[in-house]
Amino acid sequence: MPDVNLNPEVEKNVHPVQVLATDGPLSQPRPGMALCLSGGGYRAMVFHLGTLWRLNELGLLKGLAKVSSVSGGSITAGMLGLRWNRLEFNAANTATNLEQLVVNPIRSLAGVKRVFLKPGEKQKVSFVLNREQMSIIDDIGKRIIQPGEFLINIGGKQPGFKEGQDAQTTSVITARFMVTGKRVEIR
């Protein structure tokens, strides 16, 4: 390829890795594949599950060296990071338990319905929590219900939220309930 004199503004974008002043003098980019997961709430979480699933089918998931994420993508990235050391990769570099440890816990977040109200409007909202929604995935990937106190927060913001335009106008209703008895595995 012939040498081309590029405008300095163009040239800085041609070289994706730049050494920062805070980097060590001998530091170099590490080899490996990176994955960036964008935001977009629940839809982003589910979309990114499909991305992980496809990377896994291709035997590429095991080769991830870095994961970067924001917003809804961070929930998927967080679950992947939390369970990464327990993924069991076969000879084809496919995680045989990805669905159990990463996909299913995120899918269990489904079922939330948004209700939009005009200023001053009121509406009675009811819902039922099924046993899957009250369960957690334990350290070995089993879905369980365990005794303890649970909080349900309903509203446009979560307790302690102080950012955004709706912070003064959107309230949160919090309910507490106790589950008693023994830890139960759900099949």
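Once amide H atoms are placed 1.01 Å from N in the peptide plane, what residues at a sequence separation of 5 or more from Ser69, or on another chain, have their amide H within under 5 Å of its amide H?
Those qualifying (amide H under 5 Å, at least 5 residues apart or on another chain) are Leu37.
If you take every residue apart from Ala77 with its C-beta less than 12 Å away from the C-beta of Ala77, what net charge results, scoring Lys and Arg +1 and Asp and Glu -1?
Summing Lys and Arg as +1 and Asp and Glu as -1 gives +2.
How much length is gained if the chain between Leu58 and Met33 is pulled fully straight, taking 0.36 nm per residue apart and subtracting their Cα-Cα distance, in nm to one decimal?
Once the chain is fully extended between Leu58 and Met33, it gains 7.6 nm.
Subtracting the Cα-Cα distance from 0.36 nm times the residue separation, let me have the gained length for Asn90 to Asp139 in nm, one decimal.
15.6 nm
Between Asp23 and Val70, what is the FRET efficiency for a Förster distance of 35 Å, r being their Cβ-Cβ separation, to the nearest 0.05? Write out the running numbers ahead of the final one.
Working: r = 24 Å, r/R0 = 0.67.
E(calc), rounded to 0.05, equals 0.90.
For the stretch 54-124, what is one quarter of the convex hull surface built on the Cα atoms, given in nm²?
The Cα convex hull of the stretch 54-124, projected and averaged over all directions, gives 6.8 nm².
Output the Cα-based Rg and Dmax of the stretch 46-86 in Å, rounding Rg to one decimal and Dmax to a whole number.
9.8, 26
Can you list residues from other chains, or at least 5 along the same chain, whose modelled amide H is less than 5 Å from the amide H of Asn97?
The answer is Glu88.
With θ set to phi - 60°, apply the Karplus curve 6.51 cos²θ - 1.76 cosθ + 1.60 along the stretch 81-92 and write out the HN-Hα couplings as whole Hz, x wherever there is a Gly or Pro.
Rounded to whole hertz, the list is x, 4, 9, 3, 5, 9, 5, 9, 8, 8, 5, 8.
Suppose R0 equals 35 Å. What FRET efficiency, 1/(1 + (r/R0)^6) with r the Cβ-Cβ distance, do Thr51 and Lys122 give to the nearest 0.05?
Taking R0 as 35 Å, the efficiency between Thr51 and Lys122 is 0.30.
Using a 1.4 angstrom probe and counting only protein chains, how large is the accessible area of Met134 in Å², to 10?
Only protein atoms counted, so the area is about 50 Å².
The values are calculated or read from the model by the stated rules, or taken from the named source; none is laboratory data. Note that this is a predicted model, so its numbers are computed, not measured. Cβ atoms come from the backbone with ideal geometry, glycine included; neighbour counts cover every protein chain shown. Only protein heavy atoms, including side chains, enter the accessible area calculation; ligands, DNA and RNA are left aside. Shrake-Rupley method; radii C 1.70, N 1.55, O 1.52, S 1.80 Å.
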